[in-house]
Amino acid sequence: MRNVASTPKKIGDIQFGLLGPQEIRSMSATKIITADTYDDDGFPIEMGLMDPRLGVIEPGLRCKTCGNTVGDCPGHFGHIDLAMPVIHVGYNWMIRNILRSTCRNCGRMLATDSEIEDYHATMEEWRTQNRDVWELIKKTIKKETRGKSGHECVHCGEIQKKVEFDKPSTYREEGHKLTPVDIREWLERVRPEEAELLGLNPDVAKPEWMVLTVMPVPPVTMRPSITLESGERSEDDLTHKLVDVLRINQRLQENRDAGAPQLIVEDLWELLQYHITTCIDNESSGIPPARHRSGRPLKTLSQRLKGKEGRFRQNLSGKRVNFSARTVISPDPNISINDVGVPEASALELTVPLNVTPYNIDVAREFVKNGPKEHPGANYVVRPDGRRLKVTELNAENLALRLEPGYTIERHLVDGDIVLFNRQPSLHRMSIMAHEVRVMPAKTFRINLSVCPPYNADFDGDEMNLHVLQSEEARAEAKILMRVQEHILSPRFGGPIVGGIHDEVSGGFVLTHKHKHYAKKEALDILSRARFQSELPEPDKVEDGTEYFTGKQIFSLLLPSDLNLKYRSEICPHKDCDPWDPETGEGCEFDGYVVVEDGELVAGTIDEKSIGAFQGEFINRIIRRHGASFTREFIDRMTRLVLGAIMHDGFSTAIDDEDIPAQAQQQIDDNVQEARDNVEDLIRQFEEGELEQMPGRGLEETLELKIMQELGEARDQAGKIAGEHLGMENPSVIMARSGARGSMLNLSQMAGVVGQQAVRGERITRGYEDRTLSHFERGDLGADAKGFVESSYKDGLSPTEFFFHSMGGREGLVDTAVRTARSGYMQRRLINALEDLRVEYDGTVRNTVGTVIQFMYGEDGIDPTKSHRGKPVNVTQIVSDVVGETAEDEPVEQVDEDAYDSQDAELMRSLQDEMDIQNPDDFEGAE
Amino acid sequence: MRELVNAFFDERSAAQHHISSYNDFVDNWIQSVVDNISVGDDEVPDGIIQTDVEGYKIKMGSIRVGRPQRKEADGSTDYLTPMEARLRDMTYDAPIFMEFIPVLEGIEHEPEEVNIGNLPIMVGSSRCNIEKDNLEELQNASYTHEEYYQELQRLQEDPLDPGGYFIANGSERVLVSLEDLAPNKVMVEFKKRYGRQVEVAKVFSQRNGYRALISVEKKRDGSLMVDVPNASNQIPLIVFMRALGLQTDEELVKAIVTHPDMMPTVLANIEDAREEHDVADRDEAIEFLGRKLAGGQAREYRRQRAESLMDRTLLPHLGHDPAERLKKAVYLGRMARSVLELAQGRNEEDDKDHYANKRIKLAGNLMEDLFRVSFTQLAKDIKYQIERAHSRNRELKVSTAVRSDVLSQRLLHALSTGNWVGGRSGVSQLLDRTAALAAYSHVRRVVSPLARSQPHFEARDLHPTQWGRLCPNETPEGPNCGLVKNMALTTEVSEGAEGEDIRHSLYDLGVEPLEVSEVTGGDDE
């Protein structure tokens, strides 16, 4: 039965209705009478709650129709004939509204005939307009519901009484209790047409069905019993509840038949109501939840569906699936960005179905012949009749011969297969991308480094998930739409999100900075990593018979010949220097002005802005001109080239990279001392009342601001001094300036001054009375007492400096932890709100009903992926292309993620505090 | 520096705080718990089980805890070592013996010593079989440090094991220290209410395990309200103080006001009490309380409820006798004063993260709470058994009425599940034995009761008062960041002392006690 491919079908309609007693009885497999479950031998009892024909749980086969356990028997409903009718909790709201808006005598609505006609008409109208009819129904109900008593029914003249409602299921009419029987009779009197106006489709949902006469019994498969290790059988919560219902029902029947006093019968009836209510929803307000023997409340039907662990979120919106794998990831620069390295062990276990046809029967035979243990082999052979045959070493040969078209085999995962690869949290669509399999030894998944940014993966122990696509359609869709190369540009900002990171960027720098020369052999060596096949150009210079090439030349060999760029890279801090001229040595001292002419890198150093993951001008330009596949090749090649370059000379760093000459250190110390003096001065001014208040700020605030400013400048100054003595030969500086890793701030903290620590934007304030630590005097407002760390990391921090530093660091960790949770909740809400919106063929954005949300996507019709960092058109480039001269791109406003982070974090925090937004899932039960 | 730290640990275990706390519990506190239990229907004096049998009551005697033993199938008993308990999945516990004195018609009879159950013993404590003094006693020897180490090795125990944990059914369980706000201390803060901020003074008043949060709030219109548990609405301060015994306007003002700026508010409150609530003296105040608590019930009952509220529920740390009501009134006055000081800007909010405002509940404290509840259960069961025996005309013997299971089961269940009295879960944790350091770190952990799901930014921050007490760096990443802390190297946890003892010491030293009236008439302290 499994794996029978059925033709895809589209769902036509879904109709929700009520289950009436007749239907319940007809779908029931058996009537349930006894409250006993199993008999003495451990077998289920007839007419009891567990399997007389209700379903199978044990691998003991048999069931009414289906043999097998294996989920083949879906379970069958039973029914309990209730001694007396009972209200169904879930429909309370509806029952209440109907009672309140209809006459107690004739059952008609309490509206005049004309009003009723109007309602009908409006409903028709709304239906054709595709409006949400429920809105109308709710309005109707609201209007027609009467609060007080005394109204006269327009149709029969009966005076209505006030209908009150005690949760959870008692109705009172002006104090007099309405029994479920009364209610049922009343509901029977309601006319179908009017029921429609109140929200019930009379064809499938007769109002009286909201009062239960027959209780459907959920199949055994829905409430399986568990056998504990002690041998006892433990029943499911639902089964316990049903036992209660059954018992009371029995008693009620007996008592009523035997003619017991009214009171007893009523009591039992109420008890029955309680049990049935509780069976459906144990969290109903107003009634004590039914509890297990141990004291914990039972989990009944509605609890099974609700909340994060409920059916919808846990088992339907997301499920556990077969053909999936998960391991630790490790880097591999030698595979393409489209590839994923799969451990051999996984490849032997994850299979792909192959339908055997006359065209592939030979290939299929090979797979099966290899058997399950040798890759590439197969694990199962499925006959056309559905039987699955396990392939073993013994029968492999045999089975291979017996293969015929019409069979299906499950073959191992093989190089080139398309799989979905993902890292959680899956925040954007690039968190799941299609990759081509490459089976490799060892136990980790391997990915190319440049594909880390979209997944936000690092290799400190991260794990990722892999899903093997099973059908040809799926493979095709994934290959066309989801491959990594299709996602090189991010829909968020219209720029590349796949690109060089870390060492790749350092490598680019080392290769192309100024005058780096490589001998022919060396050059070829590096180029071989990029699988370079063509001819070398003319060497830049020849010395002693050896030809020498520049790094720029080598890099250019990978560039397409129609590439023309001119821009300033990150390396140069100035805004106005000229390109560096290799001959004259004039121009930007950092060689920071990148010029590419017809595919030749003429000037400039390759850094993060050129090939990096978030800016990558080269990648950006190439992908728009040459498309995804070409760019993929380029990225693969370029990263390998650049890594080869850095491995050629080697690259390392040590603490002595942050050494600065004594004289510089002295300068820094003097600077800081001067700042300290200024701070003391400011404090003195403050204390003596001489301090001038800044407009709009208090006196203390002004003082703090000025002090922070002073100390901040001191640190920056120290950083600058240190920076002057750290040149471009320094590996740490190379990494910082090229954008590979780290920043000049990091370096200045290591070499110069760590700086002022802050908690929530202010200097350290909290602590003992009038002072931070007991090491200081009360009232000390000086630099040291409030968290200024003068030492550098190399110098080492004093005990108080260390403590303040820990305080500042702690805030960062807390922030990250809290932010992750909050943003997750926000993301979920946004997604739930937006998930069924779609851009239609007419360009509008509509939801499933057809309502227009936007008349043009994004109000401008622009696909952000294809935009140029937010701008629809890159005018400069168009002009350049037309005119033939490369113009310099305007400096692009880069999004400073870090700055946003701290500002935003603060803002978000205060907003959320005020609005008190919490994720309801985080609230466990009362602790 | 190193020598100092080494010397420190020569004498102390890494888990010394747990061990000392537990020792205090077993040696001292357990007796006082027993002495303060009272079981019976109406007002029963402490230390007595009052049964429904005519004239029969049981008085509590002395309690003692033995050493862990094991009982074999053939009946022989022997001393149990922790290692054997770990290997054989046994519980490392010792029998508890208690003296019961049956009192018939006021005449005390022979005390009976009964085994009332088993108390889990902490490894390394004063009742542990491998503790140095105990071991020396058991083996009739005297050891140097090295000899002690070797002897432990011979017994297959780890000499470097920190101890400080229990063994329940073979698994080692740590009662992780809880960090909580200091009880019986008035703290003022602002309360945020969708717009305005009001000032409130709170006290976590605690006595014998019963904990009540009493607060005095200054509302937006200036009225001072008292909030007391079990009273669903707030009660005007002045009314309450009148009910407690401060009747005249002068007395009230003197108890609250220290600064002229406070006068208008206080006078307004007093006037309110007179005009709006019609309360001008103590009886009217008590009636007011009664009406608020149980309006519509009989007059007698109302008065009873009011008095019970004042004695038992309000400020229990000051006593539950009617004689102490005046003290409570003065205390309420002090609370009001703090609120007004805050409102006028004469004071700052109390810093709830300042360690001076925090107390640590160690293993001993937790066991005390657990024992108190479990023993009360046992006492109730004894009462029930006695009454049953009596109705069946059997001999009334305490030893037959005691079911040792009741106590032992409860203690063990809490210890093994981590679900403690008071609703907290995760109190007892499986000792982390990943590495030697892991165990050391685990026993020195301090946990905040605040909810993990809430941000609680300020509670998670590193506070300067943690210097030298809690590690600035060791805290988990993620939702527990900053809420789970670890003790610093040389941290010692000081003991709490009973107020009584301090007071006695002070009197001994020559301090003269004041009368309450002098206090209300005098200045602030």
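Can you pull out every residue in region A:636-655 that is in contact (Cβ under 8 Å) with a residue 60 or more places away in the chain, of a type outside the set (D, E, K, R) and more than 16 Å from A:F509 (Cα to Cα)?
A:I655
Mind listing just one residue for me: the one in region A:245-265 that is under 53 Å from the mean Cα position of the chain (by Cα) and free of Cβ contacts under 8 Å to residues at least 60 places away in the same chain and, of those, nearest to A:L54 (Cα to Cα)?
Taking the candidates together, the pick is A:I248.
Could you pull out the residue among A:L348, A:L271, A:L263 that is open to solvent by 40 Å² or more (accessible area, probe 1.4 Å), within 30 Å of A:D460 (Cβ to Cβ) and assigned to a helix (DSSP H, G or I)?
Of A:L348, A:L271, A:L263, the one residue that is open to solvent by 40 Å² or more (accessible area, probe 1.4 Å), within 30 Å of A:D460 (Cβ to Cβ) and assigned to a helix (DSSP H, G or I) is A:L348.
Please indicate, with yes or no, whether at least one residue in region B:21-28 is assigned to a helix (DSSP H, G or I), among the small types (G, A, S), at negative phi and in contact (Cβ under 8 Å) with a residue 24 or more places away in the chain.
yes
Residues being at pLDDT 90 or above and of a type in the set (S, T, N, Q): count how many of those fall in region A:16-39.
Total meeting the criteria: 2.
Given the conditions (1) on the phi > 0 side of the Ramachandran plot; (2) in contact (Cβ under 8 Å) with a residue 60 or more places away in the chain; (3) surrounded by 18 or more Cβ atoms within 10 Å (Cβ to Cβ), report the number of the one that A:G386 does not fulfil.
Against the list (1) on the phi > 0 side of the Ramachandran plot; (2) in contact (Cβ under 8 Å) with a residue 60 or more places away in the chain; (3) surrounded by 18 or more Cβ atoms within 10 Å (Cβ to Cβ), A:G386 comes up short only on (3).
Of everything in region A:324-339 that's in contact with a helix residue (DSSP H, G or I) (Cβ under 9 Å, 6 or more places away or on another chain) and part of a strand (DSSP E or B), which residue is most open to solvent (accessible area, probe 1.4 Å)?
Checked region A:324-339; the qualifying residue most open to solvent (accessible area, probe 1.4 Å) is A:P331.
Do any helices (runs of 4 or more DSSP H) lying entirely in region A:480-588 carry at least 2 residues that are open to solvent by 80 Å² or more (accessible area, probe 1.4 Å) and farther than 30 Å from A:K720 by Cα, and which ones are they?
Hits in region A:480-588: A:520-529.
Of all residues in region B:4-32 being at pLDDT 90 or above and among the β-branched types (V, I, T), which is farthest from B:L489 (Cα to Cα)?
The qualifying residue farthest from B:L489 (Cα to Cα) is B:I30.
Could you look through region A:146-157, keep only residues that are open to solvent by less than 60 Å² (accessible area, probe 1.4 Å) and modelled with pLDDT of 70 or more, and pick out the one that is farthest from A:D113 (Cα to Cα)?
Going through the qualifying residues, I end up with A:G157.
Which of the following residues is within 28 Å of B:P472 (Cα to Cα), away from every other protein chain (no Cβ under 14 Å), crowded, with 22+ Cβ neighbours inside 10 Å and modelled with pLDDT of 90 or more: A:V753, A:V814?
Among A:V753, A:V814, only A:V753 is within 28 Å of B:P472 (Cα to Cα), away from every other protein chain (no Cβ under 14 Å), crowded, with 22+ Cβ neighbours inside 10 Å and modelled with pLDDT of 90 or more.
Suppose we keep only residues that are in contact (Cβ under 8 Å) with a residue 24 or more places away in the chain and of a type in the set (F, W, Y) within region B:409-468. Which one would you say is nearest to the other protein chains (Cβ to nearest Cβ)?
B:W420
Are there helices (runs of 4 or more DSSP H) fully within region B:312-419 with at least 2 residues that are polar (S, T, N, Q) and surrounded by fewer than 21 Cβ atoms within 10 Å (Cβ to Cβ)? List them.
B:363-391, B:398-401, B:404-417
Which members of region A:766-783 meet the condition of being open to solvent by less than 70 Å² (accessible area, probe 1.4 Å) and either facing chain B (nearest Cβ under 8 Å) or free of Cβ contacts under 8 Å to residues at least 60 places away in the same chain (or both)?
A:R766, A:G767, A:Y768, A:R771, A:T772, A:L773, A:S774, A:F776, A:G779, A:D780
In region A:293-323, what residues are open to solvent by less than 50 Å² (accessible area, probe 1.4 Å) and in contact with a His (Cβ under 8 Å, 6 or more places away or on another chain)?
Answer for region A:293-323, where residues must be open to solvent by less than 50 Å² (accessible area, probe 1.4 Å) and in contact with a His (Cβ under 8 Å, 6 or more places away or on another chain): just A:L298.
Quick grid of which residues meet (1) within 26 Å of the chain's Cα centre (by Cα); (2) facing chain A (nearest Cβ under 9 Å); (3) of a type in the set (S, T, N, Q):
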residue	(1), (2), (3)
B:T475	no, yes, yes
B:L483	yes, no, no
B:N486	yes, no, yes
B:T491	yes, no, yes
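Select from region B:280-304 the residues that are open to solvent by less than 80 Å² (accessible area, probe 1.4 Å) and within 30 Å of B:K185 (Cβ to Cβ) and list them in ascending order.
B:A285, B:I286, B:F288, B:L289, B:L293
Within region A:784-810, how many residues turn out to be surrounded by 22 or more Cβ atoms within 10 Å (Cβ to Cβ), in a loop (DSSP other than H, G, I, E, B) and either more than 14 Å from chain B (Cβ to nearest Cβ) or of a type in the set (F, W, Y) (or both)?
Of the residues in region A:784-810, 2 are surrounded by 22 or more Cβ atoms within 10 Å (Cβ to Cβ), in a loop (DSSP other than H, G, I, E, B) and either more than 14 Å from chain B (Cβ to nearest Cβ) or of a type in the set (F, W, Y) (or both).
Out of A:D460, A:D503, A:D540, A:D562, which single residue is under 26 Å from A:F614 (Cα atoms) and free of Cβ contacts under 8 Å to residues at least 24 places away in the same chain?
Testing whether each residue is under 26 Å from A:F614 (Cα atoms) and free of Cβ contacts under 8 Å to residues at least 24 places away in the same chain leaves just A:D460.
So which residues in region B:234-281 are assigned to a loop (DSSP other than H, G, I, E, B) and at negative phi, if there are any at all?
Selection gives B:Q234, B:L246, B:Q247, B:T248, B:V257, B:T258, B:H259, B:E276, B:H277, B:V279, B:A280, B:D281.
Please give the strands (runs of 3 or more DSSP E) falling wholly within region B:86-180 in which 1 or more residues are open to solvent by 20 Å² or more (accessible area, probe 1.4 Å), over 27 Å from B:V484 (Cα atoms) and at pLDDT 90 or above.
B:93-104, B:112-120
Suppose the filter is more than 25 Å from B:V123 (Cβ to Cβ) and acidic (D, E); does B:D41 pass it?
Taking the combined requirement at face value, the residue satisfies it.
Testing B:A379 on (1) within 30 Å of B:I116 (Cβ to Cβ); (2) touching a strand residue (DSSP E or B) at 6+ places or on another chain (Cβ under 7 Å); (3) within 14 Å of chain A (Cβ to nearest Cβ), one condition comes back false. Which one is that?
The one condition B:A379 does not meet is (3).
Any residue in region B:207-216 that is more than 30 Å from B:I37 (Cα to Cα), outside the structural domain of B:L370 (by TED's automatic domain parsing) and in contact with a Lys or Arg (Cβ under 6 Å, 6 or more places away or on another chain)?
no
The values are calculated or read from the model by the stated rules, or taken from the named source; none is laboratory data. This is a predicted model, so every value here is computed, not measured. Cβ coordinates were reconstructed from backbone atoms using ideal geometry, including for glycine residues, and neighbour counts include every protein chain displayed. Note: accessible area is taken over every heavy atom of the protein model, side chains too, but ligands, DNA and RNA are not part of it. Shrake-Rupley method; radii C 1.70, N 1.55, O 1.52, S 1.80 Å.
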